[in-house]
1. Report the residue, chosen from ILE131, ILE22, ILE50, that carries the largest GNM mean-square fluctuation when the chain is represented by alpha-carbon nodes joined by springs under 10 Å.
2. Could you size up the charge dipole of region 105-220 around its Cα centre, putting +1 on the beta carbon of Lys and Arg and -1 on that of Asp and Glu, and report it in debye to the nearest 20?
3. Once the other residues with Cβ under 14 Å from the Cβ of ARG91 are scored (Lys, Arg +1; Asp, Glu -1), what is the net sum?
4. Can you order the peptides 141-152, 160-171, 184-195 by their average number of other Cβ atoms within 10 Å per residue, highest first?
5. Got a sec? Charge dipole of region 1-160, +1 on Cβ for Lys and Arg, -1 for Asp and Glu; which of PHE101, VAL66, ILE149 is way out at the positive end?
6. For ARG175 and GLN94 in one chain, what is 0.36 nm times their gap in residues minus the Cα-Cα distance, to one decimal in nm?
7. With a 1.4 Å probe and all protein chains left in place, how much of the accessible area of the chain comes from carbon and sulfur atoms, in whole percent?
8. Checking the cross-link filter: which lysines have an alpha carbon closer than 22 Å to that of LYS61, excluding same-chain neighbours under 8 positions apart?
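The values are calculated or read from the model by the stated rules, or taken from the named source; none is laboratory data. This structure is a prediction, so every number in the text was calculated from the model and none was measured. Because the Cβ atoms are built from the backbone with ideal geometry, glycine has one as well, and the counts that use them run over all protein chains shown. Just so you know, the surface numbers come from the protein's heavy atoms only, side chains and all, with ligands and any DNA or RNA stripped out. Shrake-Rupley method; radii C 1.70, N 1.55, O 1.52, S 1.80 Å.
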Amino acid sequence: MTILAVTGLTREAKIAGVEDVIAVTGGGDGPGLLQKLDALHGDITGVISIGIAGALSPLRKVGDVVIADQVFSRSEKWRCGEKWRVALTARLPQAHIGPLFGSDAILADAAAKTALHDSSGALAVDMESHIAARFAAARALPFAALRVISDDAAHILPPAALAAMKPDGGIAAGRVLLSLVKNPLQIPALIRTARAANKAFAQLLRCRDLCGPGLAGLDL
């Protein structure tokens, strides 16, 4: 039995890839991520989207844990598996339950986040959950989503952060440095963004440990 963890960043994959879990990174490349997933074969018994996310709700703060009951995209909606969601909630009783939105692009603008929250009711947004949900539905597999807030709804990501992610899930240090050279005034914002992300990753690691082998999805 193997759980498939769908992530955006290599750092998320290293956290999620525990016993009985295979982690796949998207790196912000939706079509590429779907190709990776479609190429997988073998004994996959469940799919979980896991990692960090941007808040859409003004009530959600950095470090908050969100367990999805459903995932939206611009044109689709998927229900998350109730049994898995209940198992995750039992292990993470402080988590917030609600919808997640899957976006094909990074939402860096606070006004865009507010508008998306108002129209969908989603608590947070990431770039993998909709792709993972679509894959799970196509293979009739149980699906769950667990995300930790890394930037609140009012936070505007600096250009260097937007340029950071590579398709393999790593960080493009050269592009980050080039962005900083072009606009050094963004350095304080980038430092705040990095500190918030580190807080979110620490919380994600805590969640991983509390969920245990298979990220609470082995007994579905």
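1. Per the Cα network of the chain with a 10 Å cutoff, ILE22 tops the list.
2. 280
3. Working: positive: LYS83, ARG85, ARG206, ARG208; negative: ASP209, ASP219.
Local charge sum for ARG91: +2.
4. Numbers: 141-152: 25.8, 160-171: 17.9, 184-195: 13.3.
Peptide ranking by packing, descending: 141-152, 160-171, 184-195.
5. Most positive-ward Cα: VAL66.
6. Going from the current span to full extension adds 25.4 nm.
7. Values: 5850 of 9920 Å².
Carbon and sulfur atoms account for 59 percent of the accessible area of the chain.
8. By straight Cα distance, LYS61 reaches LYS113, LYS199.
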